[in-house]
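Here the structure comes first, spelled out in structure tokens, and everything after it is commentary.
The values are calculated or read from the model by the stated rules, or taken from the named source; none is laboratory data. All figures in this text were calculated on a predicted structure; none of them were measured in a lab. So basically every Cβ, Gly included, is an ideal-geometry build from the backbone, and we count neighbours across all protein chains shown.
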Amino acid sequence: MSLHRVIISGGGTGGHIFPAVAIANEIKEKYPDCEILFVGAKGRMEMSRVPEAGYPIEGLDIAGLQRKLDLSNLLLPIKVLRSYRQASSIIKKFRPQIAIGVGGYASAPLLFAAQMKGIPTLIQEQNSYAGLTNKLLSKRAKKICVAYEGMEAYFPVEKLVHTGNPVRPEMVDWKGKRDEAMAFFGLDSSKSVVLAIGGSLGARSINQALAEHVNRFRDSDVQLVWQTGKSFADKASTFSGDGIHALAFIQRMDLAYAAADIVISRAGALSISELCLVGKPAILVPSPNVAEDHQTKNAQVLVKAGAAEMVSDKDASSILVEQALNLLRHEEMGKKLSENLLRLGINDAAQRILKEIETLVHE
């Protein structure tokens, strides 16, 4: 049995795209001659990020439902029908052995078209709370690879496989790099370091909380490595100096994790999967601006397991910085969080997913 042609669909955010690329990379490593085609939504970030990773991609004329009253919602049925026809045409031409959906607008028409043609489909659900699209697609999907226990609340239990979320190995390979990290960020190795990351675009509540209380870090002799996102970078740069290192984007996350004593982060699926492998004590600030409030549900899984602390978005301004400094002071608490976090980590998720792909194609 060999893999010759695989379609991977979805995107919209890095949380969908990076696991998809990790799956593709794993397939390519074992089956170098396998053709892999991505299908995304026109105008979304996958249309540039996937080619940057070395894979071809085709775009569908699909868009999501706007939650606020918007005239564009009237065009949605037309876009859905058009994208379904486009997806059917792509499948007919490419003739994949299997179609993999990672979430995002494009996965719905592509996987549904594949299912209608009798092609086996596999869903990779990153979050602890399944979205409506994946729940609908799961009825005809052959396998559903999940990152959390308890997903039988959303999917047929006999289709579930607990694989974890694939992460890029270079992101979490931090051990033995502390000295390099200190030099890279210009840090003092004798002082503690807080790493704050709000995703590649930044996080407004985290940024505002840090900006309002930045002097608390200086007063406590604690250093801050702060990924601000592009929109907050100019303002944050005015705080840089005296142990505050504000950066629009951190390219070397391995060094950022190596430097950190604790981490402040959003609770996206990919961020949590990385943190579970890194094992640094974390305070999660879930974004409220996501479908079905899934980041809060992701964070609650870790809190329940004693693997992280959580601060709500609305409370970040008043308590986030003090809670971070308190966690630094209580080393035993941090050690316990770290131990529990590492127990949740799965470092071979891509290999596990590939095994399921192979089984379906063989069948």
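Yes or no, residue by residue, for (1) at pLDDT 95 or above; (2) more than 20 Å from the chain's Cα centre (by Cα):
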position: His4; (1), (2): yes, yes
position: Thr13; (1), (2): no, no
position: Lys28; (1), (2): yes, yes
position: Gly43; (1), (2): no, no
position: Arg49; (1), (2): no, no
position: Leu65; (1), (2): no, yes
position: Leu76; (1), (2): no, yes
position: Arg82; (1), (2): no, yes
position: Ala87; (1), (2): yes, yes
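Entry remark, region 210-230: residues being polar (S, T, N, Q), surrounded by fewer than 24 Cβ atoms within 10 Å (Cβ to Cβ) and over 13 Å from Ala324 (Cα atoms) number 1 in total. Within region 177-187, being outside any helix (DSSP H, G or I) and either without any contact (Cβ under 8 Å) to a residue 24 or more places away in the chain or of a type in the set (D, E, K, R) (or both) holds for one residue alone: Lys177. Taken as a whole, region 293-308 holds at least one residue that is within 25 Å of Val21 (Cβ to Cβ), surrounded by 15 or more Cβ atoms within 10 Å (Cβ to Cβ) and in contact with a helix residue (DSSP H, G or I) (Cβ under 7 Å, 6 or more places away or on another chain).
Restricting region 148-176 to residues that are in a helix (DSSP H, G or I) and in contact with a strand residue (DSSP E or B) (Cβ under 7 Å, 6 or more places away or on another chain) leaves a set whose member that is farthest from Gly279 (Cα to Cα) is Lys159. Looking only at region 245-258, decide whether some residue is in the same structural domain as Ala181 (by TED's automatic domain parsing), of a type in the set (S, T, N, Q) and part of a loop (DSSP other than H, G, I, E, B). Yes. Restricted to region 280-362, the set of helices (runs of 4 or more DSSP H) holding at least 2 residues that are closer than 25 Å to Asn134 by Cα and of a type in the set (Asp, Glu) comprises 349-362. Only residues that are among the small types (Gly, Ala, Ser) and surrounded by fewer than 14 Cβ atoms within 10 Å (Cβ to Cβ) were counted across region 321-363, and they come to 0. Against the test of being modelled with pLDDT under 95, surrounded by fewer than 24 Cβ atoms within 10 Å (Cβ to Cβ) and closer than 24 Å to Glu170 by Cβ, the options Gly202, Gly279 yield a single qualifying residue, Gly202. The number of residues in region 175-223 being of a type in the set (Lys, Arg) and closer than 13 Å to Ala260 by Cα comes to 4.
Taken over region 32-46, residues that are over 21 Å from Ser273 (Cβ atoms) and touching a strand residue (DSSP E or B) at 6+ places or on another chain (Cβ under 9 Å) amount to 10. Is it the case that region 123-135 has a residue that's out of contact with any Leu (no Cβ under 8 Å at 6 or more places or on another chain), part of a strand (DSSP E or B) and in contact (Cβ under 8 Å) with a residue 40 or more places away in the chain? There is at least one residue in region 123-135 that is out of contact with any Leu (no Cβ under 8 Å at 6 or more places or on another chain), part of a strand (DSSP E or B) and in contact (Cβ under 8 Å) with a residue 40 or more places away in the chain. All of Val222, Val194 fail the test of being assigned by TED's automatic domain parsing to the domain that holds Leu302, farther than 18 Å from Asp254 by Cα, aliphatic (A, V, I, L, M) and in contact with a strand residue (DSSP E or B) (Cβ under 7 Å, 6 or more places away or on another chain), apart from Val222. Take Gly229 and tell me if it is more than 22 Å from Asp173 (Cα to Cα) and touching a residue at least 24 places away in the same chain (Cβ under 8 Å). Against the criterion (more than 22 Å from Asp173 (Cα to Cα) and touching a residue at least 24 places away in the same chain (Cβ under 8 Å)), Gly229 qualifies.
Look through region 1-31, keep the residues that are out of contact with any Leu (no Cβ under 9 Å at 6 or more places or on another chain), within 25 Å of Glu274 (Cα to Cα) and among the small types (Gly, Ala, Ser), and return whichever of them is surrounded by the fewest Cβ atoms within 10 Å (Cβ to Cβ). Among those residues, the one meeting the criterion is Gly12.
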